[in-house]
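Colleague: Handing you this structure, nothing more for now.
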Amino acid sequence: MFSLQGKVIVVTGGTGVLGAGFVKGIAAQGGIPIILGQNVEKGNERVAEVKANGGDAHFISVNVLEEAQLVSAKNEILGKYGKIDGLVNGAGGNIPSGVLQPTEDVFNLNIDGMKDALVLNLWGTIIPVQVFGPEIAKTGNGSIVNISSVSSKRAITKVLGYSMGKAAIDIYTKWFAIEMANRYGDKIRINSIMPGFFLTSQNKTLLTNEDGSYTERGNAIIRNTPYKRFGQPDELIGALVWLLSDASKFVTGMDIGVDGGFTINSGV
């Protein structure tokens, strides 16, 4: 039920830290990850890793906010593999201009920065769905997986732009699940994964010091995470494989938490 054998699955943000886990998990179950990202070196490295382990993978340099680039990527994938079975919307993340520091005036937000963070996370998810979705539906058993965040469920200081983008992804996932079902029945489904706190290239300097110890913010997160640690990228693989595989054929519009208990913790 959990096999992805022969399934061609597009992974946006596939060159990132969490993207590495997604690519690894898909390939381990026999899937063919199509890695989309802007870091050519990382993309080619991940293709080589998959192939060294006996699998198949393909990298295409793409900006997910550029529809024409995504259309070109779609045509390249169809030319090489003839189909697209799934999509993982891993592109996104926080950007400095979308952050409000504690010392800054709450009534003097960087509006452009907040908009940029919202666009990256929300439209960086919607546009790939628009481009790849019709092909995924043609398979008759397609799956799309978006990436939400605990910051869409609980107010996390500083990261307002990012949080708004992820909160928008939550309602988009639910809304789009219903609309696709009304038009395609059970031929295509869409769900999301809600990661807790994982150390990535974007947040590592915020959460850890140079000696590896936690910053004040890092310690606050650990205190409020019942498992008392950060997540490991590989710990997202189980939820991802389930949502991409036939094991979740009757699941759509759901947000699956992988957060060490962070969002259910009252702190008391």
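No value in this document is a laboratory result; all are computed from the given coordinates. None of these values were measured; they are calculated from a predicted model. All Cβ positions, even for glycine, are placed from backbone atoms using ideal geometry, and neighbour counts span all protein chains on display.
Colleague: On a full-extension model of 0.36 nm per residue, what is the gain between residue 72 and residue 49, subtracting their alpha-carbon distance, rounded to one decimal in nm?
Modeller: So the chain would gain 5.8 nm between residue 72 and residue 49.
Colleague: Using alpha carbons only, how many angstrom separate the centre of the stretch 48-74 from the centre of the stretch 1-28?
Modeller: About 11 Å separates the Cα centre of the stretch 48-74 from the one of the stretch 1-28.
Colleague: Can I ask one more? Counting other Cβ atoms within 10 Å of each Cβ, which trypsin sites (Lys or Arg not before Pro) in the stretch 166-261 have at most 16 and sit in a DSSP loop?
Modeller: Hits after loop and neighbour filter: 187, 228, 229, 249.
Colleague: Students often check this: by mean Cβ neighbours within 10 Å, which of 235-243, 32-40, 98-106 ranks highest, and how do the rest follow?
Modeller: In descending order of packing, they fall as 32-40, 235-243, 98-106.
Colleague: Further question on the same structure: Please order 61, 163 by the number of other Cβ within 10 Å, starting at the fewest.
Modeller: Ordered by Cβ neighbours within 10 Å, fewest first: 61, 163.
Colleague: Another one. Over what distance in Å are the Cα centres of the stretch 106-178 and the stretch 192-257 separated?
Modeller: With the stretch 106-178 and the stretch 192-257 each reduced to a Cα centre, they are spaced 17 Å.
Colleague: Pop out the ³J(HN,Hα) list for the stretch 215-226 in order, Karplus 6.51 cos²θ - 1.76 cosθ + 1.60 with θ = phi - 60°, rounded to Hz; leave Gly and Pro as x.
Modeller: Per residue, the Karplus-derived 3J(HN,Hα) values read 6, 4, 5, x, 5, 5, 5, 4, 4, 9, 9, x Hz.
Colleague: Compute the relative contact order of the chain as a whole-number percentage, counting only Cα pairs closer than 8 Å that sit 6 or more residues apart in sequence.
Modeller: 20 percent
Colleague: To two decimal places, what compactness ratio does the stretch 35-142 give when its Cα radius of gyration is scaled by 2.2 N^0.38 Å?
Modeller: 1.33
Colleague: Another question, then. For 132, 198, 22, 250, which order do you get if you count the other beta carbons within 10 Å of each Cβ and list the fewest first?
Modeller: 250, 198, 132, 22
Colleague: Mind sorting 266, 245, 72, 213 by how few other Cβ atoms lie within 10 Å of their own Cβ, fewest first?
Modeller: Sorted ascending by nearby Cβ count, the order is 266, 213, 72, 245.
Colleague: How far apart, in nm, are the 7 Å Cα→Cβ label points at residue 199 and residue 111?
Modeller: 4.0 nm
Colleague: Rounded to the nearest 0.05, what FRET efficiency do residue 81 and residue 171 give with R0 = 30 Å and r taken as the Cβ-Cβ distance? Could you check?
Modeller: Computed FRET efficiency for residue 81 and residue 171: 0.40.
Colleague: Would you pull out the residues with amide H under 5 Å of residue 146's amide H, same chain only if 5 or more places away, H placed 1.01 Å from N?
Modeller: 89, 191, 192, 193
Colleague: Treating only the Cβ of Lys, Arg, Asp and Glu as charged (+1, +1, -1, -1), what charge dipole size does the stretch 148-221 show about its Cα centre? Round to the nearest 20 debye.
Modeller: Computed about the Cα centre, the dipole is about 300 debye.
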